[in-house]
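This report concerns only the one structure given below.
The values are calculated or read from the model by the stated rules, or taken from the named source; none is laboratory data. Since we're looking at a predicted model, the values are computed, not measured. In this analysis, Cβ positions are derived from the backbone assuming ideal geometry, glycine residues included, and neighbour counts consider all displayed protein chains. When the accessible area is computed, the model is the full protein with side chains, heavy atoms only, and any ligands, DNA or RNA have been set aside. Shrake-Rupley method; radii C 1.70, N 1.55, O 1.52, S 1.80 Å.
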Amino acid sequence: MKKKHKSAINRRDVLKGTAAASLAGAAVGLGLHPISVDGQIVTEANQTRAKSSVIRQENSKQGARDWQLTRVRLDKRGGLRSPPIEGYCSKQSVAAGESIDIMVSSDPQQEFIIEIFRTGYYGGRGARLMTKLGPFVGKTQPLPQVGDKRIRECHWKPATTLTIPDDWPSGVYLGRLTTLSDTTGFGYWQNYVVFIVRDDRPADILLQCSDNTWQAYNQWPDGYSVYTHPRGNQGPWADVSFDRPYGKYPQIFENPQTIGSGEWLCFEFPMAYWLEQHGYDVTYCSNSDMLTPDRGLKCKAFISVGHDEYWDIRQYKSVVKIRDEGVNLLFLSGNSVCWVSPFRESV
């Protein structure tokens with residue numbers, strides 16, 4: 001065999017091959033659908049079933065060319081929030097047929113629209129436009145006072161209520177908020193809201209979004225998170241609320257796409273994109289959907305990916321239960337199951 005010169009393989013090729021081999025090996029161990037990595041089938045399974053899966057059908061539809069944020073404006077240099085347009089949803093996850101409220105504030109008051117995108121592969125475009133809502137008359141909604149344990153919890157009025165159509169598949173959805181005018185004369189401004197559409201169908205893979213951790217690191221509006229309390233990090237003296245927008249992600253790297261989207265586009269989305277690219281039968285849930293083991297028991301594998309640090313103890317017990325019942329677990333995440341963060345009702 002002829003030996004290749006060392007310069008024939010570069011670092012990028014080595015990393016690419018290692019990643020493909022690792023993911024393919026994990027898939028073989030889980031007994032999942034066949035996939036193709038660089039044109040080669042790396043698993044044995046039922047190709048007919050794979051080709052008829054919900055995810056393959058969804059990703060055969062036309063993706064959006066324009067779904068990312070293209071014009072964002074923070075309140076100050078090094079700031080976290082975008083007062084011209086920002087919002088949040090009333091639930092972390094919602095099922096088809098159920099409704100979700102979208103709360104929006106605009107300062108100054110101005111009209112805006114909401115475009116709802118499902119994120120996925122879609123031929124490499126990354127998202128599909130599902131519907132367009134509005135225009136709405138924007139209102140400036142109040143900043144919440146600092147509450148017990150430095151919590152910042154909004155009580156904004158909904159801009160609109162969205163009932164999830166029956167044909168919307170499970171996935172992570174971004175609502176892009178876009179102003180239609182701006183009194184400063186600089187044109188439109190944009191932001192995201194994020195929510196998960198869940199389902200109850202049997203599936204090969206359940207991908208859990210780490211939205212507890214998104215919220216633990218969220219410093220909206222001006223430096224309030226479990227990491228910014230004067231007594232120190234990660235103690236029982238700091239609470240955070242889902243009833244507030246996601247500010248710009250404050251750590252690791254500068255990414256304006258995180259405004260309003262939590263850590264989804266930073267960490268989980270690349271895995272979701274890859275899974276859907278290769279036709280895996282995947283469904284999605286939030287941390288809060290794992291308070292009982294019921295959802296996980298209908299799937300072959302449970303994947304935690306990205307930054308899945310904060311868990312309610314009921315999540316932990318649920319995942320132990322599904323493991324004991326034969327569901328495969330993959331933790332492709334940093335600081336996994338590191339801190340207990342109990343849920344409680346909004347005030």
Of 225, 287, 306, farthest towards positive along the dipole that unit charges on Lys, Arg, Asp, Glu beta carbons give the range 220-330: 287
Quick one: dipole size for the range 210-267, taken about the Cα centre, charges +1 on Lys/Arg Cβ and -1 on Asp/Glu Cβ, in debye to the nearest 20. 100 debye
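Which shape class, rounded, prolate or oblate, goes with the range 265-342 when its Cα gyration tensor gives a ≥ b ≥ c as root eigenvalues, a/c under 1.5 marks rounded, and past that a/b bigger than b/c marks prolate?
On the way: a/c = 2.01, a/b = 1.22, b/c = 1.65.
Taking the square roots of the gyration eigenvalues as a ≥ b ≥ c, the range 265-342 is oblate.
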Low-density loop cleavage sites - trypsin sites (Lys or Arg not before Pro) in the range 194-253, where at most 11 other Cβ are within 10 Å (DSSP): 231
Once ligands and nucleic acids are excluded and a 1.4 Å probe is used, how much of residue 243 is accessible, expressed in Å² to the nearest 10? 30 Å²
Taking the Cα centre of the range 89-214 as origin and charging only Cβ (+1 Lys, Arg; -1 Asp, Glu), how large is the dipole, in debye to the nearest 20? 220 debye
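For the range 215-301, what class follows from the C-alpha gyration tensor (a ≥ b ≥ c being the square roots of its eigenvalues): rounded when a/c is under 1.5, otherwise prolate if a/b is larger than b/c, else oblate?
Note, shape of the range 215-301 comes out oblate.
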DSSP-assigned coil residues among GluC sites (Glu not before Pro) in the range 244-317, each with at most 11 further Cβ atoms within 10 Å: 254
